Amino acid sequence: MEPNILEMNHITKIYPNGFVANDNVTLTAKKGEIHALIGENGAGKTTLMKVLFGIEKPDKGEIIFNGEKVEIKNPADAIALGIGMVHQHFMLASSLSVAENIVLGLDNGFKRFDLKKAIEKTKSMAKKYGIEIDPEEKVQNLSVGNKQRVEILKALTRGAKVLILDEPTAVLTPQESEDLFVQLKQIKEQGHTIIFISHKLKEITSFCDRLTVLKMGRSLGEMDVGCMSEREISHLMVGREVLLNYEKPISIPKEKVLEIKNLTYIRNGKKVINDVSFSVHGGEILGIAGVEGNGQRELAELVSGLLKNYEGTILVSGNDISRDTVRMIRETGVSHIPEDRMTYGVVKNASIMENIIADRYYKKPFIKNALLDIPKLRSLANNLVAEYTVKCDDIDQEIRMLSGGNMQKVVVARELSSSPKLIIANQPTRGVDVGASEIIRNSLINMRTNGAGVLLVSADLNEVLDVSDRLIVMYGGEIVASFPSAKAVDEHELGEFMLGIKKQDMKEGQA
Amino acid sequence: MSVRKIETRFDILRLLLAVFLAMGVAVVIILFLSDDPQLSLKYLLLGPLTTKRRFGNVIESVIPLLFTGVGVCIMYSANQTNMAAEGSFFLGGVFATAIAIRTMPPVIHPILCILFGGIAGSFVTMIPALLYTRFGARPVVSSLMMNHIASSLGIFMINYLFFDASAGFTCSLPFQKTAKLPVFVSKTSIHIGIFIGVFVVIMGWFYLYRSKNGYEIRTVGKNVSFAKYIGISVPSVIIYCQVIGGFLAGMGGAVEVLGMYNRFQYQGLTNHGFDGILVAIIAKYNPAMVPFSALFLSYVRVGADIMSRMTDVPVEIVYVVQSVIILFVTAERFLGGLKHKSIVREIERSMAQEEKANG
């Protein structure tokens with residue numbers, strides 16, 4: 001039996017808004033194992049790892065590393081101990097080369113920076129761990145998968161004995177994920193411990209040794225992966241088996257609510273969206289699958305009017321929107337659930353009510369004698385909070401105090417309650433717990449059944465496959481595949497389209 | 001008790017502690033400086049209450065701060081750091097003078113003066129706003145420049161257009177009797193401008209918290225990206241909040257000269273605009289709190305003034321008090337650790353309770 005390299009005992013972390021992210025959580029990791037830390041979004045996995053890496057200070061509990069009690073005040077402490085972390089969002093200097101990133105910040109005394117030595121060091125480290133990477137390439141030219149390799153190599157170069165990976169596969173295609181697993185196994189064989197955050201069951205059963213399950217900030221214990229089935233693990237994670245089968249009546253497409261013809265959008269000389277054409281009818285959900293950053297965000301922002309100066313035509317219910325402001329577009333019946341909730345979705349220091357009324361405070365029934373009709377606005381907010389089961393003290397609570405899922409419910413409540421004809425839902429359930437996700441997805445399906453058209457952009461394969469009626473795939477700003485029925489799409493094939501390995505002859509399926 | 005209540009409680013605690021600490025610092029300085037610290041302190045703290053005239057001084061100096069304070073509240077609620085309320089106030093006084101020296105029917109006369117002052121003031125703050133929305137020039141810098149332009153323009157106008165050669169010093173022709181805002185409390189200079197000021201406070205609150213423009217201003221101030229996403233026209237909000245802010249400051253300048261003086265006799269900027277920023281910060285940009293913060297500031301100022309006249313402690317001590325208060329009020333993290341601990345305690349208590357309830 002290998003000794004424990006790491007023990008986190010009774011960790012409690014409460015955020016300033018009163019949210020209990022970790023409640024008396026204990027986690028132990030053995031030398032040379034891949035330890036999965038699993039749980040739904042919002043279960044406290046990332047927080048626990050931030051505590052370990054010195055980004056968050058725990059309110060209670062102790063950390064024992066290599067048999068000694070340690071206090072980790074900041075990431076520098078963590079790195080010095082031999083803890084490395086690969087964040088969900090990479091922390092790389094993109095204009096520098098791989099080798100420069102690897103050695104960046106390593107103590108060099110006052111000597112001149114030696115690029116040759118950096119490249120050598122990178123090469124030797126890469127060879128040691130069997131990671132294939134070109135040390136001289138600039139990071140900005142690398143694929144997401146390769147950037148991740150750089151991050152891993154960076155952590156290892158800094159002497160990481162324990163390597164934390166925060167949902168590493170969330171940004172990867174299935175093929176890239178496979179490569180990652182092979183690499184992680186090699187790293188493990190050299191005696192490193194890997195803590196692998198995930199909520200994907202297949203990954204855990206395929207290559208992790210042990211696992212810790214978190215649920216609502218609490219630990220449900222540690223188990224050996226070997227003696228558990230996927231079904232058992234999922235049961236632990238969500239308290240029920242994951243059932244992503246949404247009941248949908250048959251889609252009855254009506255008139256076109258969105259028509260996009262030869263849309264091209266250029267930013268910094270790069271075609272972010274390249275000659276895209278498709279349309280959305282009332283009464284259907286058109287899913288756009290794709291790895292993030294392939295033009296979906298820009299597409300959503302163009303249709304909602306946040307971005308202008310495009311080539312081609314965008315028609316909303318038959319009207320050209322090229323000269324319309326965001327408000328005019330909203331007035332024609334367009335709703336937008338934005339991708340980035342904290343930046344675009346809410347005003348975090350404003351009350352729930354102020355967030356809910358944002359799209360209609362200026363309209364007829366809510367204005368009385370040139371002033372806001374507060375009682376009416378309050379009753380609107382109260383009704384919506386009840387309808388969407390937003391968990392809060394009352395509607396005067398500042399929205400920053402809510403959990404991610406409840407915040408998103410407020411956004412969805414606002415966007416869906418204005419009886420829109422077209423709903424742009426961009427990653428509507430990202431960072432949202434399963435319960436809230438279900439409510440949100442069902443609301444979208446209801447809207448569609450009642451005649452609205454939905455444009456669903458999502459990087460979550462299950463979501464696009466199960467919620468959409470039709471499906472298109474975007475890669476590199478283009479539509480590379482189109483499926484008239486989302487039900488019939490094979491997950492693996494979809495992955496290949498998303499990665500750009502395959503491309504449909506666009507004549508076969510008119511989007 | 002909810003987390004929200006804890007936060008409110010700590011906000012109040014922080015303000016009280018800020019005042020307390022500031023006074024503490026003042027006391028320490030006085031102990032070092034003064035030969036008779038007890039007397040000095042008495043004048044500082046209680047001086048304004050000793051005579052009617054002295055208390056009158058406090059109220060008189062509150063009046064202009066109501067205007068500039070509310071004006072700044074409106075501009076800063078949209079997160080527009082415009083410092084030109086100072087110039088607005090000054091030029092507002094000058095333009096009011098332009099009307100006040102002419103013959104006109106009573107009642108209409110001061111109204112027209114104040115209106116004119118407001119319009120002049122709104123131009124001063126509008127220019128930095130336009131420069132920002134058009135060219136991206138940060139208002140912090142351009143508004144400070146505007147103050148110089150406003151003061152130079154004002155001095156020029158007084159010296160070349162409304163100059164009274166017979167007065168023997170740089171000042172305008174005397175105001176007509178019909179233009180003056182009458183004093184209504186005997187033995188003081190408290191004039192009816194205070195009612196206009198209170199009206200502005202009330203309207204300012206309604207505007208910011210009950211009108212759709214106010215909602216837009218606050219939304220832009222808290223999250224510009226969200227404002228754009230939801231369809232608020234951000235440039236127009238940025239412009240109108242500053243036009244209104246400048247208008248109020250300009251009104252303040254007009255009211256001040258008409259209420260307190262018989263002719264325009266400022267030789268340069270008066271600091272009322274910058275004081276408005278202090279008042280608005282302490283009021284947390286809520287017009288309803290402006291009278292209280294203005295009263296506090298005026299009280300301390302008058303107290304310090306009396307102390308410096310009666311004892312050997314210089315008046316500058318009041319700036320130390322002011323600075324310490326602003327420092328702690330704006331230091332969000334002050335008491336942050338304590339606040340966090342009490343939130344943690346509270347959450348733990350409620351969790352334990354829940355557990356008990358669940359058996």
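No lab work stands behind these numbers, since they all come straight from the coordinates. A quick note: this is a predicted structure, and the numbers were derived from the prediction, not measured. No Cβ is skipped: glycine too gets one built from the backbone with ideal geometry, and neighbour counts run over all protein chains shown.
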| note | Label model pair B:GLN38, A:LYS69: point-to-point distance (7 angstrom along the Cα→beta-carbon line) in nm is 5.4
| remark: One finds, for B:LEU153 and A:LEU461 with R0 = 60 angstrom and r their Cβ-Cβ distance, a FRET efficiency to the nearest 0.05 of 0.35
| remark: Under the Karplus relation with 6.51, -1.76 and 1.60 and θ = phi - 60°, whole-Hz ³J(HN,Hα) for segment B:340-356, x at Gly and Pro, equal 4, 4, 6, 5, 4, 4, 4, 4, 4, 4, 6, 5, 4, 5, 4, 4, 4
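Counting each DSSP H run of 4 or more residues in the protein assembly as shown as -39500 (n - 2.57), what helix-only mean residue ellipticity at 222 nm follows after dividing by all residues, to the nearest 500 deg cm²/dmol?
Computed mean residue ellipticity for the protein assembly as shown: -16000 deg cm²/dmol.
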| request: Just grab the label-to-label distance for A:HIS89 and A:LYS200, each label 7 Å out from Cα along the Cβ direction, in nm (one decimal). | output: 2.1
| query | Under the definition of Cα pairs under 8 Å and six or more residues apart, what whole-number percent is the relative contact order of segment A:351-451? | reply | 27
| task | Calculate, for B:LEU338 and A:ASN383, the FRET efficiency according to 1/(1 + (r/R0)^6) with r their C-beta to C-beta distance and R0 30 Å; round to the nearest 0.05. | result | 0.20
| Straight-line reach from B:LYS5: which lysines have a Cα under 16 Å away, not including same-chain ones fewer than 8 places off? | B:LYS339, B:LYS341
| field | Among beta bridges that DSSP assigns inside the protein assembly as shown, antiparallel share in %, nearest 5 | value | 55
| Could you name the aspartates and glutamates in cross-link range of A:LYS116, using Cα to Cα under 13 Å and dropping any fewer than eight places away on the same chain? | A:GLU100, A:GLU136
| task | For A:LYS364 and A:ARG327, compute 0.36 nm times the residue count separating them, minus their Cα-Cα distance, and round to one decimal in nm. | result | 11.8 nm
| field | FRET efficiency for B:ARG4 and A:SER277, using Cβ-Cβ distance with R0 set to 45 Å, rounded to 0.05 | value | 0.35
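Take the cross-link list A:LYS261/B:LYS228; A:LYS188/A:LYS502; B:LYS284/B:LYS356; A:LYS50/A:LYS200 and give me the ones stretching past 30 Å between alpha-carbons.
Over 30 Å apart, Cα to Cα: A:LYS188/A:LYS502; B:LYS284/B:LYS356.
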| query | Got a sec? How would A:HIS192, A:HIS89, B:HIS340, B:HIS148 order by Cβ neighbour count within 10 Å, fewest to most? | reply | A:HIS89, B:HIS148, B:HIS340, A:HIS192
| said: Quick one: 3J(HN,Hα) in Hz for segment B:100-108, Karplus 6.51/-1.76/1.60 with θ = phi - 60°, rounded, Gly and Pro as x. | reply: 5, 7, 9, 8, 8, x, x, 6, 5
| said: Straight-line reach from A:LYS503: which aspartates and glutamates fall under 19 Å, measuring Cα to Cα and dropping same-chain residues less than 8 apart? | reply: A:GLU176, A:ASP275, A:GLU292, A:GLU478, A:ASP490, A:GLU491, A:GLU493
| field | Relative contact order (%) - criterion: Cα under 8 Å, at least six apart; region: chain A | value | 15
| field | J(HN,Hα) series, segment A:318-326, from Karplus relation 6.51 cos²θ - 1.76 cosθ + 1.60, nearest Hz, glycine and proline x | value | x, 9, 6, 9, 4, 10, 8, 7, 4
| said: Under 5 Å between amide hydrogens, which residues at least 5 positions from A:GLY287 or on another chain qualify, with H placed 1.01 Å from N in the peptide plane? | reply: A:LEU456, A:ASP469, A:ARG470, A:LEU471, A:ILE472
| field | Sequence-distant residues sharing a close amide H with A:LYS502 (under 5 Å, placed H) | value | A:PHE497
| message | Using Cα-Cα distances under 8 Å and only pairs 6 or more residues apart, what relative contact order does segment A:6-160 have, in percent? | response | 22
| note | Simple spin-label estimate for A:ILE501/A:ASP114, 7 Å along Cα→Cβ, in nm, reads 4.2
| query | Relative to the longest principal Cα axis of chain B, at what angle does helix B:37-50 sit, 0 to 90 degrees, rounded to 10? | reply | 70
| query | Taking H as built 1.01 Å from N, whose amide H comes closer than 5 Å to the amide H of A:GLY61, not counting residues under 5 places away? | reply | A:THR12
